[in-house]
Every structure is written in C-alpha cells, then in structure tokens.
Amino acid sequence: MSNEQENQLQGLIIRTYGPADQKDVVRLYHDGLLAGQITPNDTGLDIENIENAYLSELSSHFWTAHVGERMVGMIGVVRDEEHVAEIRRLRVDKEWQKTSLASQLIETALAHCRQHGYLKVVLDTRFERQEAVELFERFGFQHTRTRAMHEKELLEFYLDIYRHADQEKNPPRK
C-alpha cells in the first residue's frame, strides 16, 4: 500500500448503501466477476435491487466504502437460515486491494452479525488467491470444503462467532 493510499484510508467512510451508490455497486460487481462471467447460479438479482435483497430486514444489511467521492468497496450480509448469516458481495476496487479495506469491511459485517445474534457466518469465494484465504483465516474463518461449480472451484468458509469470541476472551494456555 502506498503512503498516499494509507493516508486516504484514514478518511474512509463505511456507510449503509444508498440509491446514489447503485452505479458504483454495479461497477464493483462486474469488476469482481471471474473472467468477466456471471456463473449460472449467480443471477445478480440482488445487485439490481439492493434495498429489497439486503435492507428490507434488520438482520440483513449492505454497506459501501468511500474515500472522498469515490466508492472503493462494498459488502453485504443476509440471513442464510436461523442464526446463520452469509457474507456476500465483498468487493474492493482493484486500486485498493493491497490496503486494509477488505478487513475493515469484514469487521463491519461481523459486528452486524454479532449485534443481530447470529451464531455462525458463512461465505464462499471463487478466488483461490492466497491473500483472500489468509484474510478469511485471520478473522477465524475455516475452510470447510472446495467444490466444483461450473468448471470453477468454489471455496466455502464458516466462522462460529461465539466459539471464536470465547477463544479470544480465554486463549488456550501454553
């Protein structure tokens, strides 16, 4: 990360999605597609209607990250099943991927999950880059399985929020 980006991140604002963010949400969504392709199981309908998909229930949410006037990241949380949340649409602008922005977005999403009483958080990614896997593992996510989906590998992760929180409060003794 350059010193300039580091300084700019100090002015980072992560806020609830607003309709004025739609154009940039679509841009980040398309920039994050693997080889520019939407997989058959990803309709992108949630991207077309963020308010209905993420903001119609208190237990779900969608945030956008801004540096100055530019939207540089986004993340969403939806209820997957009772007491289980799914983190979706984590995207960071290519120019900001070597910063702490993804970590700050995940922290925001996990705080929301704790506040709404979720016990487990799941996420998946098609990106096998070591940086992404290391990011998830830093937050305590565990890789549960890799499965083939439409000629790509899908890596699935989960985080047991309360077990992880207990371990932070009471680390194992050496």
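Readers should treat all values here as calculations from the given coordinates under stated rules, not as data from a laboratory. This one's a predicted model, so the numbers in the text were calculated from it and none came from an experiment. So basically every Cβ, Gly included, is an ideal-geometry build from the backbone, and we count neighbours across all protein chains shown.
Please report 23, 120 as a ranked list, fewest other C-beta atoms within 10 angstrom at the top and most at the bottom. It would help to have the intermediate numbers written out before the result.
On the way: 23 9, 120 17.
Fewest-to-most Cβ neighbours within 10 Å comes out as 23, 120.
Once R0 is set to 22 Å, what does the formula 1/(1 + (r/R0)^6) return for the Cβ-Cβ distance between residue 16 and residue 103, expressed as a FRET efficiency to the nearest 0.05?
The computed FRET efficiency comes out at 0.70.
Test of understanding: ordering 64, 125, 144 by Cβ neighbours within 10 Å, fewest first, what list do you get? Provide the component values of the computation, followed by the final result.
Details: 64 25, 125 19, 144 12.
Ordered from fewest to most neighbouring Cβ atoms within 10 Å, 64, 125, 144 come out as 144, 125, 64.
Give the shape of the stretch 3-122 as rounded, prolate or oblate, defined through the alpha-carbon gyration tensor: a ≥ b ≥ c are the square roots of its eigenvalues, a/c under 1.5 means rounded, and otherwise the shape is prolate if a/b is larger than b/c and oblate if not.
Numbers: a/c = 1.69, a/b = 1.24, b/c = 1.36.
Oblate is the answer for the stretch 3-122, as a/c is 1.5 or above yet b/c matches or exceeds a/b.
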